[in-house]
1. Each label point is 7 Å from the Cα along the Cα-to-Cβ direction; what then is the distance between the points at A:Ser10 and A:Ser37, in nm?
2. Based on the Cβ-Cβ distance of B:Lys179 and B:Arg46, what FRET efficiency does E = 1/(1 + (r/R0)^6) give at R0 = 56 Å, to the nearest 0.05?
3. Using a 10 angstrom cutoff on alpha carbons, build the Gaussian network for chain B and name the most mobile of B:Ser71, B:Ser33, B:Ser118.
4. Which whole-angstrom value gives the distance between the alpha carbon centres of region B:214-286 and region B:19-58?
5. Which residue fluctuates most in the GNM of chain B (Cα springs below 10 Å): B:Ser76, B:Ser208, B:Ser112?
6. When the Kirkwood hydrodynamic radius is evaluated over all pairs of different C-alpha atoms of region B:1-119, what value in angstrom, to one decimal, is obtained?
7. In nm², what is the average projected area of the convex hull enclosing the Cα atoms of the protein assembly as shown?
8. From the backbone phi of region B:46-59, what are the Karplus-calculated ³J(HN,Hα) couplings (6.51 cos²θ - 1.76 cosθ + 1.60, θ = phi - 60°) in whole Hz, Gly and Pro given as x?
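Nothing in this text is a laboratory measurement; each read-out follows from the coordinates by a stated rule. Nothing here was measured: the structure is a model prediction, and the numbers come from that model. Here Cβ is always computed from backbone atoms with ideal geometry, including for glycine, and neighbour counts include all displayed protein chains.
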Amino acid sequence: MSSKTQSSSSMAQARRTVQQLRIEASIERVKVSKASSDLMRYCGEHAKNDPLLMGIPASENPFKDKKPCTVL
Amino acid sequence: MAAEKAEMDKLKKECDALRTQIEAARKAVNDGSMSASAGGVAGLGRIQLKLRKNLKGHLAKIYAMHWSADSRQMVSASQDGKLLIWDTFTGNKLVAVPLKSAWVMSVAFAPSGNLVASGGLDNICTVYNIKAASPKTLRELDAHTGYLSCCRFLSDTEILTASGDTTCCLWDLETGKQKTVFTNHIGDCMSLALSPDMNTFISGACDSLAKLWDLREGACKQTFSGHTSDINAIAFFQNGHAIITGSDDCSCKMYDLRSDQEVITYQDPSLNAGVTSVALSNSGRLIFAGYDDFNCHIWDSLKGEKIGVLSGHDNRVSCTGVPNDGMGVCTGSWDSFLKLWN
């Protein structure tokens, strides 16, 4: 690659980087305390619908191997 | 020549100024840590899950697995050159898809359950119709110039891929052509995840960065740094406002999208193995992270504490997944087995 092409491609790269950083700099940011409390609230509200947290009764467990019943 | 140098210097100065501005903006909203906020939340104690099924069938390392939207079927991919579709309730294998290339790294189930996709060192994402009498190749998506590390269907007509060529790509399955190429990473893309509302997706790469992309605009909206090595795994928190990453630096991190920063790191001095995969329980409270140390460790996502472990594999845990109904967790390993726990 000629040095002229090299310099113009690193120029293009630099312009793209600036463009990208402008996009990223322009967003609105929410306070971490609010973000954290929203996440905590989500976990709390959905805990009862989380089988891995609540536990699964054996009769409702789709992965548990069902033992055959014997009639005595 | 001098004019060019002057412009380069001007651009470099603007880059530095923008980076400083972003850091300052992040600091300005950093008014407390997640683990401090979660101080008042009750601890969970030790989480102990039992091994319910050990799925044998693959003859070599398992590299990837993905649950079907029905929470019952699951597809796994192994470098034995096969995809296997399992009925996880019975442990039976329903379909075997022979692969043209055995060097598979990723597999995905379409939400409809009609299609699966896989790809790897062949650089191609192949889509199969598994509802046909025998699995039929529908499309070979061939445009990446590097390995296929991850793929995820949006629907039966669109699929997202991540590649070692540092790009991610949205494909139209009706034409087999690329719709959008997402360029910004400077390292191999290793993992991607779709947002719950399907408007955005996140990618993790070997440049140690995670990026948020707008699917329709094709642009990178946010970049998250903090990891000190490759990010191998990435997942969305269910409310779409936070993401979890797993890295070769042996830690997982949660980044909040609205605060635009890391809010908690999951690491333990006794854990010196890279993270290969991450999955969340349905409430988001539990993080299941697969590690190179042959275990899947369980983290309390809010408190940042390690609260359990799934042990049993005889080699690296390469993939982890929780089905939509949250009824269990599946781990896949280089030991060739898949295990189901709940």
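1. 5.0
2. E between B:Lys179 and B:Arg46, to the nearest 0.05, is 0.75.
3. Result for chain B, Cα springs under 10 Å: B:Ser33 fluctuates most.
4. Computed from Cα coordinates, the inter-centre distance equals 9 Å.
5. Greatest mean-square fluctuation among the candidates belongs to B:Ser112.
6. 19.5
7. 23.1
8. 7, 9, 10, 9, 9, 6, 9, 9, 10, 8, 9, x, 6, 10
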